[in-house]
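Engineer: Structure below; questions to follow.
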Amino acid sequence: MQNRFIKNLALLLFLNLLIKPFWILGVDRAVQNSVGDAMYGFYFSLFNFSSLFYILLDLGITNFNNRNIAQNNQLLNKHLAGISALKILLAVAYGLLIFLIGYIIGYDSTQLKLLAWVGLNQVLLSFVLYLRSNISGLLLFKTDSLLSVFDRLLMIVICSFLLWSGLFAGQFKIEWYVYAQTAAYAVTVLLAAIIILRYSGKIKLSFNLPFSLMILKKSIPYALLVLLMSFYNRLEPVLLERLLEGVEGKLQTGIYSRAFRLLDAGNNISLLFSVLLLPMFAALIKKKESVGSLVKLSFSIIISMTTIAAILSFFYSEEIMQLLYGKQIGETATEFQWRITQSARVFQLLMGSFVAVSITYIFGTLLTANGNLKLLNIVAASGVIVNVSINLILIPQWQAYGAAWASLSVQVFTAILQLILAIKIFKFNFGKYFWLRLIIFISLAGLAGYLSEQLPFHWIINLMMAGTFSVIVAFLSGLLNLKALFVLFIPINRKSKK
């Protein structure tokens, strides 16, 4: 199973590192630079608002379905027909809810109009993820890997044409960005449906109330978990726009989004671990086989990768922000420097959150596969309380910087709790030397980041030298294992061929 994990992780990483960074750091960044912080903040707050209630589109069905199909492939046809019909009804309920709440909290007609399209995109995305959960549940990881980047690839093509072809007069409009997402998600849903129907055979959509209630009953714990996690992962931009008045709220949301974009890019990579690990953990647990070696391998890889990224981001935050976000039209040198400094401070804290979030992708996924939903929901509910409390205290005073502190606090809090629960339930014993090696690695990587700033070279060269040294330390400390990585070059079914 470790062999398969490493190989499919390599494919997922390759495809996502090829496509998603260009989407986030190229196209998405270019859109914000084109429309400005206030207009992008306007969109970003609506997007995060719609994400808060995304769970109503899913109610935990995707996670439940991934785990269930991985353990019971024969249920694919029956569940596909029933769940698809149920999700259509959930989409209608979701649309009504976000409009009602949006109206209650004071969204104007312009905001509600854009919210309609953003909500439609969330509906299409939920169908993409549901269809992919069937594909990964069948352990068709290569197909799922290709689908994981297909929508972003289409968005890159459409948005690049709109941004840089020169065929469209005037300034890029944020609505174009939203429409491009709609088109890309719709095509991806169609492609995913065609693929899964090859394995399920013909289906006939039919709403079966007893079946739907059975699915919802089993999915509700997953739904509650996703809802609570959505609140403490996505609440900051919404609170910034609502708690701070007028243009200042949209501007601070835009500043937060600049830093959050890189966290989102990193999280998209770390999320791939959970996509692969959930069906693998579920299959191993059903067979009553040990998950210890797979957990240790995945945790070692992700903690090494995210720690290096967070340390380099801390020491080179201003340089990275200046590289990504240039001076805007009509902006003075003082205004530009203020904007970069604000974004850099937020970025430093959010990349600390990146390490914590990535840890939850390992241990939270393990606890989900093991069915420990009650414990995870208690952790998540505690996270929401911590997050909202800190945001309400810090945002009025520190604005985007206060929101970043809230994010870091809640992510570290929930990551530690999930790690402790996983160790207690599965009785993991990584060994004292593992934790000692981890401390030594973090210390040396941090020292490398600090000393690299003193070097007389260009900052990119300094950053690359610190990063290279940190990777070498990760291998020398044993956190990254060459033998495990060599598995990449060994056929998965080698033994079966002998």
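The values are calculated or read from the model by the stated rules, or taken from the named source; none is laboratory data. Worth saying up front: this structure is predicted, and the values here are computed from it rather than measured. Cβ sites come from the backbone with ideal geometry, for glycine too, and all protein chains shown count toward neighbours. Side chains are part of the model used for accessible areas, which takes the heavy atoms of the whole protein and leaves out ligands, DNA and RNA. Shrake-Rupley method; radii C 1.70, N 1.55, O 1.52, S 1.80 Å.
Engineer: Quick check, is TYR199 surrounded by 22 or more Cβ atoms within 10 Å (Cβ to Cβ) and out of contact with any His (no Cβ under 7 Å at 6 or more places or on another chain)? Steps first, please.
Structural biologist: On the way: surrounded by 22 or more Cβ atoms within 10 Å (Cβ to Cβ): no; out of contact with any His (no Cβ under 7 Å at 6 or more places or on another chain): yes.
So TYR199 fails the test.
So that you can scan it fast, the table gives a plain yes or no per residue for (1) in a helix (DSSP H, G or I); (2) over 29 Å from SER45 (Cα atoms):
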residue: PHE150; (1), (2): yes, no
residue: LEU154; (1), (2): yes, no
residue: LEU163; (1), (2): yes, no
residue: PHE168; (1), (2): no, no
residue: TYR177; (1), (2): yes, no
residue: ILE195; (1), (2): yes, yes
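Engineer: All but one of (1) touching a helix residue (DSSP H, G or I) at 6+ places or on another chain (Cβ under 8 Å); (2) part of a helix (DSSP H, G or I); (3) more than 24 Å from LEU262 (Cα to Cα); (4) of a type outside the set (Asp, Glu) hold for ILE390, so report the exception by its number.
Structural biologist: (3)
Every residue, every condition in (1) over 24 Å from ILE442 (Cβ atoms); (2) acidic (Asp, Glu); (3) assigned to a helix (DSSP H, G or I); (4) open to solvent by 10 Å² or more (accessible area, probe 1.4 Å), yes or no:
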residue: LEU312; (1), (2), (3), (4): no, no, yes, yes
residue: GLN322; (1), (2), (3), (4): yes, no, yes, yes
residue: GLY326; (1), (2), (3), (4): yes, no, no, yes
residue: ILE340; (1), (2), (3), (4): yes, no, yes, no
residue: ALA344; (1), (2), (3), (4): no, no, yes, no
residue: ALA356; (1), (2), (3), (4): no, no, yes, no
residue: ILE362; (1), (2), (3), (4): no, no, yes, no
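Engineer: Taking into account only those residues within region 376-410 that are touching a residue at least 60 places away in the same chain (Cβ under 8 Å) and of a type outside the set (A, V, I, L, M, F, W, C), which is surrounded by the most Cβ atoms within 10 Å (Cβ to Cβ)?
Structural biologist: Per the criteria, the residue is SER407.
Engineer: Out of everything in region 119-149 that is over 20 Å from LYS20 (Cβ atoms) and of a type in the set (A, V, I, L, M), what residue ends up being nearest to the chain's Cα centre (by Cα)?
Structural biologist: Among those that are over 20 Å from LYS20 (Cβ atoms) and of a type in the set (A, V, I, L, M), it is VAL123.
Engineer: Let me ask something additional. Quick check on region 235-255: of everything there that is open to solvent by less than 10 Å² (accessible area, probe 1.4 Å) and among the small types (Gly, Ala, Ser), which residue is nearest to PHE47 (Cα to Cα)?
Structural biologist: GLY254
Engineer: So which residues in region 328-338 are open to solvent by less than 80 Å² (accessible area, probe 1.4 Å), over 23 Å from LEU463 (Cα atoms) and not in a loop (DSSP other than H, G, I, E, B), if there are any at all?
Structural biologist: Those that are open to solvent by less than 80 Å² (accessible area, probe 1.4 Å), over 23 Å from LEU463 (Cα atoms) and not in a loop (DSSP other than H, G, I, E, B): ALA333, PHE336.
Engineer: Give the residue, chosen from LEU251, LEU209, that is aliphatic (A, V, I, L, M) and free of Cβ contacts under 8 Å to residues at least 40 places away in the same chain.
Structural biologist: After applying the criteria, what remains is LEU209.
Engineer: Examine region 137-155 for a residue that is at pLDDT below 80, out of contact with any strand residue (DSSP E or B) (no Cβ under 8 Å at 6 or more places or on another chain) and within 16 Å of PHE64 (Cβ to Cβ), and state whether such a residue exists.
Structural biologist: There is at least one residue in region 137-155 that is at pLDDT below 80, out of contact with any strand residue (DSSP E or B) (no Cβ under 8 Å at 6 or more places or on another chain) and within 16 Å of PHE64 (Cβ to Cβ).
Engineer: Checking SER219 against (1) closer than 23 Å to LEU56 by Cβ; (2) surrounded by 20 or more Cβ atoms within 10 Å (Cβ to Cβ); (3) hydroxyl-bearing (Ser, Thr, Tyr); (4) at pLDDT 90 or above, which test does it fail?
Structural biologist: If we test SER219 against (1) closer than 23 Å to LEU56 by Cβ; (2) surrounded by 20 or more Cβ atoms within 10 Å (Cβ to Cβ); (3) hydroxyl-bearing (Ser, Thr, Tyr); (4) at pLDDT 90 or above, just (4) comes out false.
Engineer: Test TYR199 against the stated conditions and say whether it is over 21 Å from the mean Cα position of the chain (by Cα), under 27 Å from THR143 (Cα atoms) and in contact (Cβ under 8 Å) with a residue 24 or more places away in the chain.
Structural biologist: Numbers: over 21 Å from the mean Cα position of the chain (by Cα): yes; under 27 Å from THR143 (Cα atoms): yes; in contact (Cβ under 8 Å) with a residue 24 or more places away in the chain: yes.
It is true that TYR199 is over 21 Å from the mean Cα position of the chain (by Cα), under 27 Å from THR143 (Cα atoms) and in contact (Cβ under 8 Å) with a residue 24 or more places away in the chain.
Engineer: Would you please name the residue that is nearest to the chain's Cα centre (by Cα), looking only at residues in region 420-452 that are open to solvent by 30 Å² or more (accessible area, probe 1.4 Å) and under 25 Å from LEU262 (Cα atoms)?
Structural biologist: Within region 420-452, the match that is nearest to the chain's Cα centre (by Cα) is ILE442.
Engineer: On to the next question. Does TYR130 meet the test of being touching a residue at least 40 places away in the same chain (Cβ under 8 Å) and open to solvent by 60 Å² or more (accessible area, probe 1.4 Å)?
Structural biologist: no
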